[in-house]
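Heads up: the structure comes next, in structure tokens.
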Amino acid sequence: MNRGPKEQSPCPEGAQPARIWRVGWAAAAVVVTGTLLAGCGGIKAPDLFVVERSSSSVAVPPLTLLVNEEGGVRCNGGATLKLSDPQLIEARAIQEDLRGPAAGRMSLPAGPRSVFSYYLRDENGSVRFSDDSTGQPAVLRRLALFVLQTAQGVCHLAE
């Protein structure tokens, strides 16, 4: 009895379909595992800004704060700590309000009684000022307060 033309098997000659199925699943598992492991390193949140504060007083050490989009903050290169939600909202507002001054690379000279100097960098540019710089927009005073409160409340530093 002639049953017609023989159907072509999708498997290579001599291969067993069940074995190919297992190999395919094993390869897929390797790809998925590799993808998950790559994600275990975590996706690094983009930085909002980094601000460096220095002091004319030798009793106050320099401070560097690196603030990221998810509310992480690194104090002087230490471990990542967490800002509260209101602190993160304020950090984002400061960064937004500094967009123009940073893009213009604002730099205000220190006044005669300067104690702290600040240098901020973000994706838009940079801002440099001192605590007694004349002509400061309000956002720079908010930044100085944010730095002080973060240093004391999150980083647990004296100043």
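The values are calculated or read from the model by the stated rules, or taken from the named source; none is laboratory data. Remember, it's a predicted structure, so these values are computed and weren't measured experimentally. Neighbour counts run over all protein chains shown; Cβ positions are idealised from the backbone, glycine included.
Would you pick out the residues in the range 105-159 that are hydroxyl-bearing (S, T, Y) and farther than 14 Å from L63 by Cβ? I'd like the intermediate steps shown before the answer.
First, the residues of the range 105-159 that are hydroxyl-bearing (S, T, Y): 107, 114, 117-119, 126, 130, 133-134, 150.
Of everything in the range 105-159, those that are hydroxyl-bearing (S, T, Y) and farther than 14 Å from L63 by Cβ turn out to be S107, S114, S126, S130, S133, T134.
Only one of L120, L108, L88 is over 20 Å from the mean Cα position of the chain (by Cα) and either surrounded by 18 or more Cβ atoms within 10 Å (Cβ to Cβ) or of a type in the set (D, E) (or both). Can you tell me which?
Selected residue: L108, the only one of L120, L108, L88 that is over 20 Å from the mean Cα position of the chain (by Cα) and either surrounded by 18 or more Cβ atoms within 10 Å (Cβ to Cβ) or of a type in the set (D, E) (or both).
If we keep just the residues of the range 124-152 that are touching a helix residue (DSSP H, G or I) at 6+ places or on another chain (Cβ under 8 Å) and touching a residue at least 60 places away in the same chain (Cβ under 8 Å), which is nearest to E90 (Cα to Cα)?
L143
Residue by residue through the range 77-88, note down the ones that are farther than 16 Å from F146 by Cα and either without any contact (Cβ under 8 Å) to a residue 60 or more places away in the chain or of a type in the set (A, V, I, L, M, F, W, C) (or both).
Looking only at the range 77-88, we keep the residues that are farther than 16 Å from F146 by Cα, and these are 77-80.
Across the range 77-88, the qualifying residues are G77, A79, T80.
Among the candidates L108, L140, L120, which residue alone is in the same structural domain as S57 (by TED's automatic domain parsing) and closer than 17 Å to V73 by Cβ?
Working: L108 fails: closer than 17 Å to V73 by Cβ; L140 fails: closer than 17 Å to V73 by Cβ.
That would be L120, the only listed residue that is in the same structural domain as S57 (by TED's automatic domain parsing) and closer than 17 Å to V73 by Cβ.
Listed residues R92, R121, R74; which is free of Cβ contacts under 8 Å to residues at least 12 places away in the same chain, in contact with a strand residue (DSSP E or B) (Cβ under 8 Å, 6 or more places away or on another chain) and not hydrophobic (A, V, I, L, M, F, W, C)? Spell out the reasoning first.
On the way: R92 fails: free of Cβ contacts under 8 Å to residues at least 12 places away in the same chain; R121 fails: free of Cβ contacts under 8 Å to residues at least 12 places away in the same chain.
After applying the criteria, what remains is R74.
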